Amino acid sequence: MANNNPQSRQGRRKKTKQQKQNLILNISIAIVFILIISVGWSIIASPNNAKETAGDTNQSTETTIKDKTANKQKDSKEKSEEKKAKENKEKENKEAKESEEKSSEEENETSPDEEDVIKVNSNDPNVIEAKINPNWKPVGTSQTGEHITQYNQGSTDWQEMLKAISYATNVDVGNMTVLWIGNGGEPNKNAVGTISTKDTGVIYRVYLDWVDGEGWKPTKLEQLKEFKK
C-alpha cells in the first residue's frame, strides 16, 4: 500500500536536497584544496628553478669569459712566438751577413791579387813555371822576441810556414802533402817548403822570408815537374 503521507515525502525531499548540498560542498572543498596544493608547489618550486636558471646563466657567462681569456692568451702566445721567430731569423741573417763580409775581408787580406803576378825565368830544368807577386805580405805570427827558426814538425814555425805556403799557392793546408821544409840559405831568415796537392798531385816549391814581428812572407813560387831537394 502506497505511503501517501505528505510529511514523509517532504522529509525525503529535504534529505535529498541536503545530500546534494553536502556533495557540492565536498567537491568545492576538494577543488580549493587542489588549488592550494598547486599554488604552494609553484611557490616552492619557483625559487629552485630561478636558482638553477641563474646558475646556468652564471656558468654560461663564466665559460664565455674563460673561452675569451683562453683565446686571448693563445693569440698573445702565437704573436709572441711569431715575433721571437722573426727576431731569431733577423739575427741569423745579420750574423750570416757579418760572417760573409768578414770572410770576404779576410780573403781580400790573405789572398794575393793574381793580376799582379809576375812570371820569372828559371834556369832549373825541373821548374815548369816560376812567379812572384809584389803584393805578397807576411802572414802574421804569434812569436815574440828573438826569432830562431824551428823546422821540426808541429812547431810554431812549421805551422806558420804552412800558412804562408797555402797563402802563396792557394792550396788549403788540409789538401797538402808536405814533401820538405828547410833552410833557404840564411839561418833564421829564409826557408823553402815543397808540397804536393792531395787531389791533383801538383808539386809546388815556395821560398819564404822571415819578417820580425810579422811572420813568414812568400817571395817566390815555383811549380815543379817532380820533387827534388
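Every number here is computed from the coordinates shown, using simple stated rules; none is lab data. Treat the numbers as computed from the prediction; the structure is a model and nothing was measured. Note: ideal-geometry Cβ built from the backbone for every residue, glycine included; neighbour counts use all protein chains shown.
Couplings 3J(HN,Hα) for segment 130-146, derived from phi with the Karplus relation 6.51 cos²θ - 1.76 cosθ + 1.60 (θ = phi - 60°), are 10, 7, 10, 9, x, 8, 4, 10, x, 8, x, 8, 9, 7, 10, x, 5 Hz, where x marks Gly and Pro.
The string of couplings for segment 67-75 from the Karplus curve (6.51, -1.76, 1.60, θ = phi - 60°) is 4, 5, 5, 5, 5, 5, 5, 5, 4 Hz, one whole number per residue in order, with x for Gly and Pro. If you take all other residues with their beta carbon under 15 Å from the beta carbon of residue 148, and give Lys and Arg +1 and Asp and Glu -1, the sum is -4.
Karplus-based coupling profile of segment 81-87, in residue order and whole Hz: 5, 4, 5, 5, 5, 5, 5, with θ = phi - 60° in 6.51 cos²θ - 1.76 cosθ + 1.60 and x standing for Gly or Pro. Beyond 30 Å in Cα-Cα separation lie the following of the pairs 131/198; 198/229; 94/198; 189/228; 119/198: 94/198. Relative to one another, the C-alpha centroids of segment 130-163 and segment 167-229 are positioned 10 Å apart.
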